[in-house]
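Below is one structure, written out as structure tokens; comments come after it.
The values are calculated or read from the model by the stated rules, or taken from the named source; none is laboratory data. These numbers come from a predicted model, not from an experiment. Cβ placement follows ideal geometry from the backbone for every residue including glycine, while neighbour counts extend to all protein chains displayed. SASA here: full protein model, heavy atoms, side chains in, ligands and nucleic acids out. Shrake-Rupley method; radii C 1.70, N 1.55, O 1.52, S 1.80 Å.
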Amino acid sequence: MQEIFYFGAGPAALPGPVLAKIRQEFLDYRGSGLSVVELPHRGEAFLEIRDTAEALLRELLQVPDDYAVLFMHGGATSQFSMLPLNFLGPGRLADYVHTGHWSLKASAEAKRLADIREIHALRQGESLRIAPQHEWSLSPNATYVHYCDNETVNGIAFPGVPDVHRGLLACDMTSSILMRPLEVDRFAIIYAGTQKNLGIAGLCVVIIRKDLLDATNERVPRLYDYRRCARERSLVNTPPVFAIYVLQGMLDWVKGQGGVHAMHERSQRRSALLYQAIDASRLYTNRVADEFRSKINIPFEIQDAGLHEVFVREAEQNRLFGLRGHSSTGGIRASLYNAMPDAGVEHLVEFMCNFEAGFGASPIKR
Ligand code: PMP
């Protein structure tokens, strides 16, 4: 079978060696005679998987001891509800910074459940950019400030961590976790759905400062209760055992590749290659200002929108899959998570040049 390259935004491509290990252990987990998906969730073998996953995550992201690592159900969207349910209520308010699709979804859910303030921080002039922090006017009494590190749909990312007191920052890192070193102690809570850089869908990794566990509301649904989840070491009920197992495999793989510094270096290199190709072309356009360009999800457009479908179809004929933009935006989007090999981006860039050459007679870039 010829190798294909998959640029889907999530569920995303998994590295070949991780898939191979899953295949091997799927039918017989380490001589137990049981499939990995049949292991009892309170049995020794699964507890070791959970503990190894937590230890690897702590090691790779240098998570300090005063932070708990939780494995929770329901993907990242569940956190949109969990944050307000745990921390907001009468007399409490949170700030939600809007920079695109997912930060908007987070605040729309929080608004249903509690009082929040929405801060519109996306500026759409010549190019798309995030407003400087002095324009945000954060609430002096906010319980937390929520933002999305990397907007998966719009391809807009924060160049660094906002300068907000560490007691307050709640960050959705679903599409960016494990792609660069992190200063975890600048955050109150970090969460990430796992179907991009951490494996498969259905699980959410939460890193939360332990003292906040004492500040949660009393009446929170059991499965949504951070305090209970920490106390029971993520075994409030049957956890998504397979997703946690795949997470462990992904973390092991990242460690073997040189850890988050190596991932960061690769991510810089790969994204630079693609942006160079876009900027040098007369056909493709990316509207995000340099400083805020995502290194991970790279959307671009062809002005003649009718060509998007042609591009996607021809890309597939060239072994390049998952390039159709999000349904809300259209266009093209290439997602370059940790599992994407350099060869995938090189092949995409070559295809883009050839595709453009086919339309070379008409300079149609804005
Ligand atoms: N936040 C971000 C930044 C995302 O990219 C996604 C999924 N694409 C979500 C939240 C929602 O994740 P889930 O489908 O796991 O709920």
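List of remarks:
- A289 touching a residue at least 60 places away in the same chain (Cβ under 8 Å), away from the ligand (no atom under 16 Å from the Cβ) and under 26 Å from the mean Cα position of the chain (by Cα): yes
- For first residues located in region 1-30 and open to solvent by 50 Å² or more (accessible area, probe 1.4 Å), partners that are among the aromatic types (F, W, Y) and modelled with pLDDT of 95 or more and lie 6+ apart or on another chain with Cβ distances below 9 Å form the pairs I4/F321; Y6/F321; P17/W253; K21/W253.
- Flag if P90 is of a type outside the set (V, I, T), open to solvent by 10 Å² or more (accessible area, probe 1.4 Å) and modelled with pLDDT of 95 or more: no
- Taking (1) in contact with a strand residue (DSSP E or B) (Cβ under 6 Å, 6 or more places away or on another chain); (2) open to solvent by less than 20 Å² (accessible area, probe 1.4 Å); (3) more than 21 Å from A12 (Cα to Cα) in turn, T143 satisfies each apart from (2).
- Qualifying residues in region 59-74 (those that are open to solvent by 10 Å² or more (accessible area, probe 1.4 Å) and within 13 Å of the ligand (Cβ to nearest atom)) - the one modelled with the highest pLDDT: H73
- Region 177-213, subset more than 23 Å from P239 (Cα to Cα) and open to solvent by 40 Å² or more (accessible area, probe 1.4 Å), residue nearest to the ligand (Cβ to nearest atom): R180
- Residues that are of a type in the set (G, A, S), within 13 Å of the ligand (Cβ to nearest atom) and in contact with a strand residue (DSSP E or B) (Cβ under 8 Å, 6 or more places away or on another chain), drawn from region 75-109: G75, A76, S78, G100, S103, A106, S107
- Take the conditions (1) open to solvent by 70 Å² or more (accessible area, probe 1.4 Å); (2) under 19 Å from the mean Cα position of the chain (by Cα); (3) within 30 Å of F359 (Cβ to Cβ); D279 misses just one of them, which is (2).
- Among (1) open to solvent by less than 40 Å² (accessible area, probe 1.4 Å); (2) among the aliphatic types (A, V, I, L, M); (3) touching a helix residue (DSSP H, G or I) at 6+ places or on another chain (Cβ under 8 Å), the one test that M173 misses: (3)
Listed here are the residues, each with its yes/no results for (1) of a type in the set (S, T, Y); (2) at pLDDT below 95; (3) in contact with a Leu (Cβ under 9 Å, 6 or more places away or on another chain).
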position: A277; (1), (2), (3): no, no, yes
position: Y284; (1), (2), (3): yes, no, no
position: E291; (1), (2), (3): no, no, no
position: Q317; (1), (2), (3): no, no, no
position: S327; (1), (2), (3): yes, yes, no
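- Scoring L128 on the criteria (1) within 16 Å of the ligand (Cβ to nearest atom); (2) aliphatic (A, V, I, L, M); (3) in contact (Cβ under 8 Å) with a residue 60 or more places away in the chain leaves a single failure, condition (1).
- Those residues of region 308-340 which are open to solvent by 20 Å² or more (accessible area, probe 1.4 Å) and without any contact (Cβ under 8 Å) to a residue 60 or more places away in the chain, in sequence order: H308, E309, V310, R313, E314, E316, Q317, N318, R324, S327, G330
- Restricting R42, R50, R30 to residues that are modelled with pLDDT under 95, out of contact with any His (no Cβ under 7 Å at 6 or more places or on another chain) and more than 16 Å from the ligand (Cβ to nearest atom) narrows the list to R30.
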